[in-house]
1. Tell me the Rg and the Dmax, in Å, that the Cα atoms of the range A:138-285 produce.
2. Bin by bin, in steps of 10 Å, what percent of the Cα pairs in the range A:227-291 do you find, going until the bin that has the longest distance?
3. Just from its helices, what would the mean residue ellipticity at 222 nm be for chain A, if runs of 4 or more DSSP H residues each count -39500 (n - 2.57) and the sum is divided by every residue, rounded to the nearest 500 deg cm²/dmol?
4. Taking amide H positions as placed 1.01 Å from N in the peptide plane, with prolines and chain starts having none, which residues 5 or more places from A:GLY591, or on another chain, fall under 5 Å of its amide H?
5. If amide H atoms are built 1.01 Å from N in the plane of the peptide, which residues on other chains or at least 5 residues away come under 5 Å of the amide H of B:SER118?
6. Using only Cα atoms, what is the ratio of the radius of gyration of the range A:562-637 to 2.2 N^0.38 Å?
7. Give the order of A:LYS563, A:LYS272 when sorted by the count of other beta carbons within 10 angstrom, beginning with the fewest.
8. 222 nm [θ] for chain B, helices only, -39500 (n - 2.57) per DSSP H run of 4+, per residue, to 500?
Amino acid sequence: MIAELGHFSLILALLTAFTLATMPFIGALRRDPRWMALAPSAAAGLFVFHLLAFACLTWAFVVNDFSVLYVATNSNALLPLHYRFGAVWGAHEGSLLLWSLILSAWTLAVAVRSRSLPGEVSARVLSVLGFIAVGFLCFMLFTSNPFARLMPPAITGRDLNPLLQDIGLIVHPPILYMGYVGLAVPFAFAVAALAEGRVDAAWLRWTRPWTTVAWTFLTLGIAGGSWWAYYELGWGGWWFWDPVENASFIPWLVATALIHSLAVSEQRDAFKAWTVLLAIFGFSLSLLGTFIVRSGVLVSVHAFATDPARGVFVLAFLGLVVGTALALYAWRAGQIAGGDHFALCSRETLLLANNVLLTTAAATVLLGTLYPLLMEGLGLGQISVGRPYFDRTFVPLMVPLALLLGTGMLARWKRDTPVRIARLLAVALAAALAGALTAAVLANSIAAALGAGLAIWIVCSTVRTLAQRVRRPRDLLRLPRGWAGMSLAHLGFAVSLAGICFVSVLEAERIERLAPGDSVTVAGYEFRFKGVRDVTGPNYRALRGEIDVFRNGQRMAQLTPEKRTYLSQTQPMTEAAIDPGFTRDLYVALGEPLGDGAWSVRLHYKPFVRWIWLGAVLMALGGICAASDRRYRRRTVDPGDPDPLLAVVATSRSVPSGETT
Amino acid sequence: MKLSFAAPLVVFAAMAGLLFFGLHRDPGLVASPLLDQPLPDFVMSEVRDPDSQLRSDELTGEPALLNVWASWCPPCLAEHPLLMSVTDEVRIFGLNYKDERDDAVQWLDRYGDPYTRSGHDPDGRVALDLGVYGVPETFVIDRNGRIVHKHTGPISVKEWAHTFRPLIQRLKDASD
């Protein structure tokens, strides 16, 4: 009964989405305020119906309703309650529902926050979001219904994939999806602007905080995924360049480019067509990512063959959304292009270089990701282009990006001189070179030198840029949040960069046969193996190893890696044990039993690995900080704004200008 | 309307079309031009021992597999248990593709080594001669050193039982 209620709410949500996708848009074309006024209420209805459907599915998991096919395949009577919540989005159907729910939440947020926008703009934006919701709801209802019944009901469920039975799974997908779906907002703004045929400063200022917030979630989601892979997969790796990771990384690269080109467009009225195109690409790529990788449509030919309806639907929907947006772009971009001229040496040029590098990086990762998928789509088997491709194409693009980053913040808009920039950054350059030399000597590696040098370069040039604005300590508090956020995010990039370079170069790994009482030393840490004993968890049995770690004769930690066998599975899972630290992690995983109580044990020393995620957290904090800048909270535009279109908007709306805080 | 603004649309349409028709193509139509051709000559250093060399003529004499693998390749790991279980049926030679020697040796130590010998091909020169698309890929070589079959992607248990095992048996019978 509850499941049918959920199914019914999904149908209601589809009807509401259909209304939202059509009526306000037609209203905007006919300039009929009554039709346009429908948008906010439809957005609210869309969210409520989604929430209801989601609650019904969650309920089915909580009460172990194994007459629902999706619950029976992804849960188990023995699964602990908190994992049952995570199991709601543990597979294809449920994650689509989560996606759609989050889309409706973003739509509602836009509806609530867009009251100050001209009515036609917000009606168009909400309609575009409604159209995307129609696609998702149709996909769910016609090909992937999470509420489908199983007759006769299963006695107990098949259980959630043990890899996913982790606190990481409960929080990771919602955060990542917030980012993915958040890019729908700039996309909707871009399509609305193209439909209207103009892009003005108000539009750009409006799009910026939404993009930044979506980017922030994407950053956290990617870092969370990397962290999850690190401690859950038991390999000690933190990035594998696999299609699922790349699917989130490509939109992130494009969103990063978009944030920077939005800054140019808003401040200098340049790159506008390019900005709109990036907004379209950002969301198109996150659609591609969710559909093609998440839903397993192209990951395996078999999935496509057994359920061709899904594959055809996905391609058709992708084609419709992206094709329409690009057709609109081809038609209207000429009207919105243009902008001021700028000199070769100017902040515009540097940000243009930033965009070229980031989009090239996104394109290379996309190519490396799609190539194996295409090969498989063509029936040539599942093959891998793998790490060498990405290391050789992606890394060389990040070096100039980091170098330009330092200069970009300091350069003046419109025109600057290399001499001025060089003078300002001479100290930073000297510090970076000194750091690189020191690292080269200490670690005897080019990668370590590059990491240290670039990180110091970014930190010093960020500090130098801040120093221009902050002359006394109390100025720091008055710093506009946009500037503070940018500085934080750039510092975060430096921290991640340093972490990546250092851990890649300095890490140490040993695989040893250890009998109880044996010990082995890795990077100055002595690991003493005490043995393995049986333990029992709620839905698994495990062999737990005990390893004491000594440093200079002092016992400093005990590590307990496990080999778990879940009751519903036969394959044992490796649970690594980690002793975390600011400058190094110690990481231990059990391999295979070798008889007589001896085991093969993998021991890793991972210096600075935590910096990778710490940097991402700093970037995300920067994003939050920048998005909360007070300039985005103005209800309307400055009366002194030079853009004539804005003046029209401002008078026609007759909203008093000024701050509302 | 400037023409350049239509470029993204054109590129997208081309890609979508390719994908759409690609999905409906018969996979059997894609064959290697190297089929029924002699194995290209190569000399590679051994993965475990840089001073020792693996030459293409070592593969002749009796049927053999040439398996392209790498430590950075997850599908290779998926295929690995199968290779481990068939080492007594046929000689398997490895072609370690675009890999670091240390990583490759560590991978073999960690998971087991199904290969009679493995050649190290750090910049993919030999693989280029063989027309390798990616990893894993497996060539079946008869006793005269001719490539009689090529498989892209990991070999499944089913494919081994239905294609590889009968084929290898036939090749062995032919040589008796």
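1. That works out to 19.3, 65 Å for Rg and Dmax.
2. Cα pair-distance distribution for the range A:227-291, in percent: 21, 35, 25, 14, 4.
3. It lands at -22000 deg cm²/dmol.
4. Amide H to amide H, under 5 Å and 5 or more residues apart or across chains, A:GLY591 pairs with A:SER600, A:VAL601, A:ARG602.
5. When sequence neighbours closer than 5 places are left aside, the close amide H contacts are B:VAL47, B:ARG48, B:GLY94.
6. Dividing the Cα radius of gyration by 2.2 N^0.38 Å gives 1.94.
7. Details: A:LYS563 21, A:LYS272 27.
Ascending Cβ contact count within 10 Å gives the list A:LYS563, A:LYS272.
8. On the way: 5 runs with 57 residues, N = 176.
Result for chain B: -10000 deg cm²/dmol, rounded to the nearest 500.
Read-outs: derived from the displayed coordinates by stated rules, not from any lab. Because the structure is a prediction, the values reported are computed rather than measured. Every residue, glycine among them, receives a Cβ derived from its backbone with ideal geometry; neighbour counts consider all protein chains shown.
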